1. Which pairs do you get when a residue that is on the phi < 0 side of the Ramachandran plot, found in the stretch 26-47, comes within reach of a residue that is among the polar types (S, T, N, Q) and crowded, with 18+ Cβ neighbours inside 10 Å, reach meaning Cβ atoms under 8 angstrom, with the pair 6+ apart or on two chains?
2. Looking only at the stretch 62-93, which residues are of a type outside the set (D, E, K, R) and under 18 Å from residue 154 (Cβ atoms)?
3. Scan the stretch 103-136 residue by residue and report those that are in contact with a Phe, Trp or Tyr (Cβ under 6 Å, 6 or more places away or on another chain) and either surrounded by fewer than 20 Cβ atoms within 10 Å (Cβ to Cβ) or more than 14 Å from residue 50 (Cα to Cα) (or both).
4. Considering only the stretch 103-174, give the strands (runs of 3 or more DSSP E) lying wholly within it that have at least 1 residues that are over 22 Å from residue 61 (Cβ atoms) and modelled with pLDDT under 90.
5. What's the number of the only condition in (1) closer than 18 Å to residue 120 by Cα; (2) touching a Pro at 6+ places or on another chain (Cβ under 9 Å) that residue 50 fails to meet?
6. Pairs under 6 Å by beta carbon, first residue under 20 Å from residue 63 (Cα atoms) in the stretch 74-98, partner part of a helix (DSSP H, G or I) and of a type in the set (Gly, Ala, Ser), six or more apart or different chains?
7. Being modelled with pLDDT of 90 or more, within 15 Å of the chain's Cα centre (by Cα), assigned to a helix (DSSP H, G or I) and not aromatic (Phe, Trp, Tyr) narrows it down to one of 96, 81, 89, so name that one.
Amino acid sequence: MKLGASAVMAPLAVLIAALAWGSAQAALPAAYAAMVVEPAGGSDRAEFDLDAALLRARNENKSLYVYLGARDCPFCRRYEAFLAKNAVALVPHFQARYLVVDLRSALLLQAPKLFFRVGGRSLNYSDWMREMGDERVRQLVYPSVWLLDGQARPLMQMPAGTGTFETVEEQLEILRLVQ
């Protein structure tokens, strides 16, 4: 049996659309106008370059709200759904003070393979955490959020992982830097 081009292309088009839809779902909601940063490198080293986001934050006199989510992380989807559901209440608070940065990842990307480029320097996850003064140098968990000033200095120690930011008031406390 010989298949025509349209019979072959239709399933391919469905597959491409499904992949595009799946990746579109693994992101912060559009209402937050996040600056998306995809990792450079391969499977054994993924580097997120934050220099453009830092420059833009300084130019706009804002701080950075850096979100590391994984496309295959159910807790990330839960946090993103929370943000979508509460966008009307939260977006004005984000926009007033923060440039939201969405780092796109996957669960297979673990700390030894994760790097951040800041100020022209590349630091692995553990070194970056130490440089920010996070003495916990915790295991990498998804989702993770960092609040940074325009020089990439942390504004506060942040919780991470499941159970984080489950109410609007908790999210607003974070945005207001209430410890």
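1. 39/105; 46/105
2. Result: 63, 64, 65, 66, 67, 68.
3. Passing the criteria: 111, 122, 123, 124.
4. Counting at least 1 such residues, we get 144-148.
5. (2)
6. Taking only residues 6 or more apart or on different chains, the pairs are 87/31; 91/31.
7. On inspection, the qualifying residue turns out to be 81.
Results for (1) surrounded by fewer than 11 Cβ atoms within 10 Å (Cβ to Cβ); (2) under 22 Å from residue 105 (Cα atoms); (3) modelled with pLDDT under 95, shown as yes or no for each residue.
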residue	(1), (2), (3)
4	yes, no, yes
7	yes, no, yes
45	no, yes, yes
55	no, no, no
58	no, no, no
65	no, yes, no
68	no, yes, yes
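The values are calculated or read from the model by the stated rules, or taken from the named source; none is laboratory data. Being a predicted model, the structure only gives us computed values, none of them experimental. Neighbour counts are summed over all protein chains in view; Cβ atoms, including those assigned to glycine, are modelled from backbone coordinates with ideal geometry.
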